[in-house]
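**Q** Pasting a structure below so you can have a look.
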Amino acid sequence: MINDLSDKRIGLNEKLRYKKKRKNKQLSLMTGATSTSSKRNSRLNLLGYSNENPAEKRAFHILSERQRRNDLKKLFETLRTNIPNLCDKQKASKLTILKAAVDHLMEVSNKKEKLSVIFDKEKQKNAILIQNLKNLQQSFNGTSNHSISNNNCFSHTKTSSTVATLFVH
């Protein structure tokens with residue numbers, strides 16, 4: 001008796017899934033319903049269910065709720081596997097996953113801010129170095145006496161002071 005009931009329920013579930021998949025395109029084209037109940041009734045009608053049959057409504061609701069729970073479960077699992085502190089653990093409660101996700105996002109956000117500050121400082125240093133290099137090139141090209149001695153130092157005093165300034169920064 002119990003097996004017969006579960007077999008009938010499985011057959012009904014498969015039938016409902018098939019109808020839902022078959023009419024999925026019609027759902028996306030549905031427009032104009034303003035209230036939640038009229039949207040639900042229109043959706044049920046598009047899937048081939050009558051508004052008067054409470055068993056069909058209940059079966060549809062059960063399948064919809066089961067699908068929603070499965071989707072949430074998969075999303076929590078995906079979130080858990082993408083959080084460094086939890087990816088090694090096989091099980092974690094939803095609350096643990098959400099707290100760890102918030103902590104991880106805060107950590108990433110703080111790291112991003114710190115890196116942004118470092119990037120801006122390095123960008124400023126780079127701009128100063130580029131300007132010093134341009135000054136050095138202008139000084140070197142602007143002098144008539146630009147010889148390089150055997151110890152690879154600039155002989156012109158203005159150029160060597162610019163080089164010294166360049167390496168100090």
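**Q** Which entries in Lys94/Lys114; Lys91/Lys112; Lys94/Lys123; Lys74/Lys112 show an alpha-carbon gap greater than 32 Å?
**A** Distance filter (> 32 Å) returns Lys94/Lys123.
**Q** How large is ³J(HN,Hα), in whole Hz, for each residue of the stretch 71-80 in order, when computed from phi with the Karplus curve 6.51 cos²θ - 1.76 cosθ + 1.60 and θ = phi - 60°, using x for Gly and Pro?
**A** Along the stretch 71-80, the couplings run 5, 4, 4, 5, 5, 5, 5, 4, 4, 4 Hz.
Only the coordinates and a few stated rules stand behind these numbers; no lab work does. Please read these numbers as outputs of a predicted model, since none were measured by experiment.
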